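Below is one structure, written out as structure tokens; the observations come after it.
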Amino acid sequence: LGAVGHAFDGMLDEVVRSQALLREAEARYADIVQNAVEGIYQTSRDGKYLMANPSLARIYGYDTPDDLIEDQDTAVKLYVDPAERAEFVRRVDEAGVLTNFETQMRRKDGGVIWVTHNARRVRDADGRFAYYEGTVQDITERKHVEQFKSDFVSFATHQMRTPLSGLKWLLELAGDVEGVPADARSYIADARQSAERLVRLVNDLLAASRLEGGRITIKGENVDLAALTRSVVAELAPQARDKSQKVTVCGEGDITPVIADPQLIRQALLNLTSNAVKYTPAGGAISIRMQNRNGEVAWSVDDTGIGIPAADQPRLFGKFFRAGNVFAVETEGTGLGLYLVRLIIQRSGGHVWCESQEGKGSTFTLTLPAATLVPA
Ligand code: ADP
């Protein structure tokens, strides 16, 4: 009996020791949660708070987590737009985790703040939904700086437009004056080209800042991609002719209209097609293809040009980005064209991507939602 008693005492010691370790680990975990700069929470499926840390309370303007939980029994009430919470939950459910979900929330004092959420769905041992767990960071200041930057660019470029157009117009007039000496005429022609480049740059910057800020209302009307393509090809015909390039268009006949803003879509098609002309050497071929594809229309432009190095492809649609191989063939460019194309197509509910092999050619494809066909 004595031996059994000893063994029992030993087991008891072990249990006590592991309980102490567990308490220590819990205390350490609680300490991290209590002192984290980020807001940390757990909620039920319908948004009821199961846990909140002091930072979360502070971000939303409350003294303590309990004050927050008592006042806002559900996190849904904190969203400026409750539909955003539904979208947030939908995306967490879809992928299991969600990072950098930016949205606006309302503080206790009514003030509106910008936050970014990182969240995941947690399951219990049986694999059933248990709760959502997430962190919140206040990004209001960053958002204000971004807004200021975008407002500034928008204001400055808008102010530049009028004097620039005047300059361009006067240079056109000067070019037509008779009796101007040959060298002066060539200076005027150069100045006019520079003014035209500036006008293009200013227009692109203005369009980018408006699209980024969501200040452009995207019109949704039935758009005929075939007609837009014809007008783009006609506009670029002189450049293509100068370079003896063959431009072909196929699939125009049976294309469904898309729902989009015709002016913006024309800009996107023009940017992609003019790039194909620009980055394809003399004698090359450019082919444009259109195709209906379950509920969407796909439009692509293929060229036999210089292509894009594989390493540069992921950054191609970024702002001001130009690939490393362009400078040998084409010095003029801002790296805004594809950035605008991506903004326009994304805001129109479509996708755009590029497939390319350096030295062989490139294919840029975009898709847009088809206008629903009403059966006749
Ligand atoms: P830009 O033409 O003014 O430089 P874009 O934004 O239109 O700016 O294009 C970004 C970059 O993508 C270009 O500088 C070029 O490196 C690459 N690119 C775009 N289209 C093509 C193409 N058809 N063939 C090869 N490179 C291209």
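Key figures for this structure:
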item: Failed condition for Gln346, given (1) at pLDDT below 95; (2) buried (at least 18 other Cβ atoms within 10 Å of the Cβ); (3) more than 15 Å from Ser274 (Cβ to Cβ); (4) not charged (D, E, K, R); result: (2)
item: Hits in the range 205-237 (condition: of a type in the set (Lys, Arg) and farther than 17 Å from Ser274 by Cβ); result: Arg210, Arg215, Lys219
item: Which listed residue is closer than 18 Å to Glu133 by Cβ, acidic (Asp, Glu) and at pLDDT below 95, from Glu70, Glu94, Glu84; result: Glu94
item: Pair list, Cβ under 9 Å, 6 or more apart: the range 219-236 residue at pLDDT 95 or above, other residue among the small types (Gly, Ala, Ser); result: Leu225/Ala260; Ala226/Gly251; Ala226/Gly253; Val232/Ser274; Val233/Ala240; Glu235/Ser274; Leu236/Ser274; Leu236/Ala276
item: Those residues of the range 64-82 which are closer than 17 Å to Ile113 by Cα and open to solvent by 60 Å² or more (accessible area, probe 1.4 Å), in sequence order; result: Lys77, Asp81, Pro82
item: Residues of the range 263-282 classified as in contact with a helix residue (DSSP H, G or I) (Cβ under 7 Å, 6 or more places away or on another chain), away from the ligand (no atom under 12 Å from the Cβ) and not hydrophobic (A, V, I, L, M, F, W, C), total; result: 1
item: Residue that is without any contact (Cβ under 8 Å) to a residue 12 or more places away in the chain and under 20 Å from the mean Cα position of the chain (by Cα), where the choices are Arg90, Arg185, Arg128; result: Arg90
item: Condition check for Asp312: among the acidic types (Asp, Glu) and either more than 21 Å from Glu235 (Cβ to Cβ) or not in a strand (DSSP E or B) (or both); result: yes
item: Single residue of the range 316-357 satisfying the filter (of a type in the set (S, T, N, Q) and not in a loop (DSSP other than H, G, I, E, B)) that is farthest from the ligand (Cβ to nearest atom); result: Gln346
item: Test for Val341: is it open to solvent by less than 30 Å² (accessible area, probe 1.4 Å) and without any contact (Cβ under 8 Å) to a residue 60 or more places away in the chain; result: no
item: Subset of the range 283-308 that is among the charged types (D, E, K, R) and more than 12 Å from the ligand (Cβ to nearest atom) - its residue that is least open to solvent (accessible area, probe 1.4 Å); result: Glu296
item: Residue within the range 7-15 that is in a helix (DSSP H, G or I), more than 17 Å from Val136 (Cβ to Cβ), aromatic (Phe, Trp, Tyr) and at pLDDT below 90 present; result: yes
item: Scope the range 29-41; condition under 22 Å from Gln104 (Cβ atoms), out of contact with any Gly (no Cβ under 8 Å at 6 or more places or on another chain) and not acidic (Asp, Glu); matching residues; result: Val37, Gly39
item: Some residue of the range 28-39 being in a strand (DSSP E or B), surrounded by 18 or more Cβ atoms within 10 Å (Cβ to Cβ) and either modelled with pLDDT under 95 or touching a helix residue (DSSP H, G or I) at 6+ places or on another chain (Cβ under 6 Å) (or both); result: yes
item: Test for Val115: is it open to solvent by less than 40 Å² (accessible area, probe 1.4 Å), modelled with pLDDT of 95 or more and out of contact with any Lys or Arg (no Cβ under 7 Å at 6 or more places or on another chain); result: yes
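The values are calculated or read from the model by the stated rules, or taken from the named source; none is laboratory data. Keep in mind it's a predicted model, so treat the numbers as computed, not measured. Here Cβ is always computed from backbone atoms with ideal geometry, including for glycine, and neighbour counts include all displayed protein chains. Side chains included, ligands, DNA and RNA excluded: accessible areas come from the protein's heavy atoms. Shrake-Rupley method; radii C 1.70, N 1.55, O 1.52, S 1.80 Å.
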